[in-house]
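No lab work stands behind these numbers, since they all come straight from the coordinates. This one's a predicted model, so the numbers in the text were calculated from it and none came from an experiment. Neighbour counts run over all protein chains shown; Cβ positions are idealised from the backbone, glycine included.
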Amino acid sequence: MKRNRPLVLWKEEALLRRTMHRTELASSVAMRQSGHRGEQELDYHLSFLPSGFKAFQDLRLLGEGGVFQMDTLIVSPYFAIIIEVKNWSGKLVYNQERGQWIRFDVSGKEERFPNPLGQVQRQKHHLLKWLRPHLPQPLPIETLVTLSNPNCIMDTNSPHLPNVLHTENIISKIKELNSCHRKQILTEAQLHTISQHLHQNRLTDRRNPLSTFHIGKEDILPGVFCPLCQKLHMKWNRRRFRCPFCGHSSANAYLYALYDYFLLFGENVTCKEAQKFLKLDNRHTTYKLLQQTGFRKEGTNKGTKYYQPDNLVDRLEEQYRRQRKRG
């Protein structure tokens, strides 16, 4: 199963290209992009999972203490595994006494990271509680931390950590754990049922980056980006948006501006809001463009709201793939 880029990454990238307040935000985007690449590396290796395992990606659930999230959860009739992915590079040193991870980059600069071992243990605690009402008896849960960057080196003086490994070794580790859990807890039917419960109860990440980074709506740059040169402020002229910088024209570039609006401001937009955000002079033109989108709408006249498509992330993924091909 292909893992989509997380919604919070789409939101932060949209904010990054539409604000001048970039330093802290750019750092967060870079970290999330790196994390996603690490998760993709894990997914490649998990494509070789033995039969009988079900994998869940970016799983957010509501527990007793609030929302908890797992990079990857694998469930079988015998046990489950929570996998936390770290796409770290450089030399890693683990201080067991303090529970600290310290990374030294190529220049020798030292950086401390939160302890992922404690993180997956907290996830395990929440998941055990969440599963309790759905299972006939407790399901054993293993926790693993995988290092997806092949250039990441564990210091030889660090203690041996059997549940910390490079991603390339994940399948052999899962097979090893599988050989240790021989008591069947779930029937195939029960495994199917718990899988349905997990899918039905997974939550969408609705964090708003404007609030996270304390950026006001007035600080957001409106307009339509050129899909070719990526510069802002395409102009509507003769039924197309035209780029004043590279001369490229497009009939649907405004769609991606509307997607940015949905990512940043909410799931619907009015004609008046769209006209202002697309920087169009004519309300009638805005109305016609909104009609062409096929977006679901509610209300009448000036109160009509146009809603983001249910497959927004899929559309963004397709746009992303096209841009990467274009280079």
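General observations
- Computed lengthening from Asn95 to Leu128, 0.36 nm per intervening residue step minus Cα-Cα distance: 9.1 nm
- Using alpha carbons only: equivalent-ellipsoid semi-axes of the stretch 7-201, gyration tensor based, whole Å: 30, 22, 15
- A simple spin-label model places the labels of Leu221 and Glu168 4.1 nm from each other, with each point 7 Å out along Cα-to-Cβ.
- Hits among lysines - C-alpha to C-alpha of Lys279 under 19 Å, sequence gap 8 or more where chains match: Lys217, Lys231, Lys235, Lys288, Lys302, Lys305
- Under the convention that each Lys and Arg Cβ holds +1 and each Asp and Glu Cβ holds -1, the size of the dipole of the chain around its Cα centre is about 1520 debye.
- Rounded to the nearest 0.05, the FRET efficiency derived from the C-beta distance between His181 and Gln319 at R0 = 45 Å is 0.60.
- Using C-alpha pairs under 8 Å with a sequence gap of at least 6, the mean separation divided by the residue count of the chain gives a relative contact order of 16 percent.
- Axis angle, to the nearest 10 degrees, between helix 116-131 and the longest C-alpha principal axis of the chain: 90 degrees.
- Charge dipole (debye, nearest 20) of the stretch 152-248; +1 at Cβ of Lys and Arg, -1 at Cβ of Asp and Glu: 780
- Ellipsoid semi-axes in whole angstrom, largest first, where each is sqrt(5λ) of the Cα gyration tensor of the stretch 222-326: 22, 18, 10
- Within the chain, the proportion of Cα pairs with more than 29 Å between them is 50 percent.
- Residues whose placed amide H lies under 5 Å from that of His166, excluding near-sequence neighbours: Leu147
- Against the chain, whose longest principal axis is taken from its Cα atoms, helix 283-293 shows a tilt of about 40°.
- Across the stretch 7-201, Cα pairs under 8 Å and at least six residues apart give a relative contact order of 23 percent.
- Taking amide hydrogens as placed 1.01 Å from N in the peptide plane, the amide H of Gly63 sits under 5 Å from those of Phe68, each at least 5 positions away in sequence or on another chain.
- Selection from Leu73, Thr143, Cys180, by position along the positive dipole direction of the chain (Cβ): Leu73
- Inter-label distance, Arg206 to Cys246: 3.7 nm, where each label sits 7 Å from its Cα along the C-beta direction.
- R0 of 41 Å, Cβ-Cβ distance His160-Val67: FRET efficiency to nearest 0.05: 0.80
- Furthest towards positive pole of dipole, Gln200, Ala257, Asn282, structure part the chain, Cβ charges: Asn282
- Share antiparallel - DSSP beta bridges, the stretch 36-171, percent rounded to 5: 65
- The magnitude of the dipole of the stretch 183-327, with charges of +1 and -1 set on the Cβ of Lys/Arg and Asp/Glu and taken from the Cα centre, is near 720 debye.
- Principal-axis analysis of the Cα atoms of the chain puts helix 188-201 at an angle of about 40° to the longest axis.
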